[in-house]
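Shown next, in structure tokens, is the structure this report addresses.
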Amino acid sequence: MHVLRKQAERHDIAHKMGIVVREEASEFMVRTGGGDCPARRAISCLMMPEQGDLVLLTVTEARAAYILAVLEREEGVTHRLELDGDLEVKLRGGRFILAAQNGVDLASAQAISITTPLLKMNADEGSLVLRKFAFFASLVDAEINRFKLLTSCCDWVADRLLQKLKRSYRFVEEVEHVRAGQIDYVARQNMRMHGKNALVTAEALVKLDGDQIHVG
């Protein structure tokens with residue numbers, strides 16, 4: 001802090017314009033009317049200078065030069081906002097809108113966190129690829145026109161499952177096992193069970209009841 005105070009006390013500064021000719025480590029070489037001048041990027045200059053940019057320099061009495069702003073750049077060169085350390089953007093009021101014509105990419109080497117009382121997402125198409133996914137919710141209300149799930153293994157654990165269907169089809173290629181305390185099937189019209197071999201056993205009672213019973 002003492003060094004910064006000493007630098008601020010040097011009031012004799014000069015402003016120049018120049019062209020960035022090369023970048024070396026954290027310094028830039030800027031070509032001005034008085035020759036090449038090594039300069040560092042000022043903290044307030046968020047735009048990362050590129051070779052060929054026209055920049056505004058400030059030169060202190062101690063000959064330390066800082067790039068204050070990028071004034072002009074050739075078309076087609078990517079604009080980069082680059083900083084070292086943490087960055088916090090805070091709005092005390094109003095809305096924050098991030099808009100782009102061709103797309104928005106968010107990338108992080110560690111984590112991306114979103115915290116909000118209400119989250120809305122609207123899109124014509126969506127794609128989500130995850131190696132591991134955990135989802136927790138107290139209530140899920142979904143309206144889906146068509147749903148297709150393809151998985152090699154699916155485990156369901158629930159205290160209660162209720163399904164109301166107009167038509168239901170299930171195809172099992174190998175074996176289906178059902179273990180239940182009680183099973184109750186009710187059909188309003190016909191109930192058909194067919195197999196190459198059928199075996200019905202009971203430990204206590206087997207009962208057939210109907211107006212007509214045909215065997216054979």
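The values are calculated or read from the model by the stated rules, or taken from the named source; none is laboratory data. As the structure is a prediction and not an experimental result, all values here were calculated from the model. No Cβ is skipped: glycine too gets one built from the backbone with ideal geometry, and neighbour counts run over all protein chains shown. Quick note on the areas: whole protein, heavy atoms, side chains included, nothing else; ligands and nucleic acids left out. Shrake-Rupley method; radii C 1.70, N 1.55, O 1.52, S 1.80 Å.
Please list 152-158, 40-46 highest first by mean number of surrounding beta-carbon atoms within 10 Å per residue.
The packing order, highest mean first, is 40-46, 152-158.
Within the set (1) 27.1; (2) 19.9; (3) 19.3, the number that Kirkwood radius over Cα pairs in Å takes when calculated for this structure is listed as (1). Pairs of Cα atoms nearer than 8 Å and 6+ residues apart set the relative contact order; for the chain it is 11 percent. Under 20 Å from a point 7 Å along the Cα-to-Cβ line of Leu162: which residues of the stretch 126-143 have their amide N that close? Label zone hits: 137-143.
Straight-line cross-link reach from Lys164 at under 23 Å between alpha-carbon atoms covers these lysines, not counting any fewer than eight positions away in the same chain: Lys148. Look at the dipole of the chain built from charges on Cβ: of Met29, Cys154, Leu130, the Cα furthest out on the positive end belongs to Cys154.
The lysines whose alpha-carbon is closer than 27 Å to the alpha-carbon of Lys207, local same-chain residues fewer than 8 away aside, are Lys196. Charge dipole (Cα centre; +1 on Lys/Arg Cβ, -1 on Asp/Glu Cβ; no other charges) of the chain amounts to roughly 640 debye.
In the chain, with Lys and Arg counted as +1 and Asp and Glu as -1 at Cβ, which of these residues, Ile97, Ala64, Thr78, has the Cα nearest the positive end of the dipole, that is, farthest along it? Highest projection toward the positive end goes to Ile97.
Note on the stretch 43-162: along the principal axes its Cα atoms extend 79, 33, 29 Å, ordered by decreasing extent. The lysines whose alpha-carbon is closer than 18 Å to the alpha-carbon of Lys132, local same-chain residues fewer than 8 away aside, do not include any residue.
Expressed as a whole percentage, what fraction of the accessible surface of the chain belongs to carbon and sulfur atoms when a 1.4 Å probe is rolled over the protein heavy atoms? Here carbon and sulfur together make up 50 percent of the probe-accessible area. Where both bridge residues fall in the chain, DSSP classifies roughly 90% of the beta bridges as antiparallel. So, taking all protein chains as they sit and a 1.4 Å probe, how much accessible area belongs to Ser168, in Å² rounded to tens? Approximately 90 Å² for this residue.
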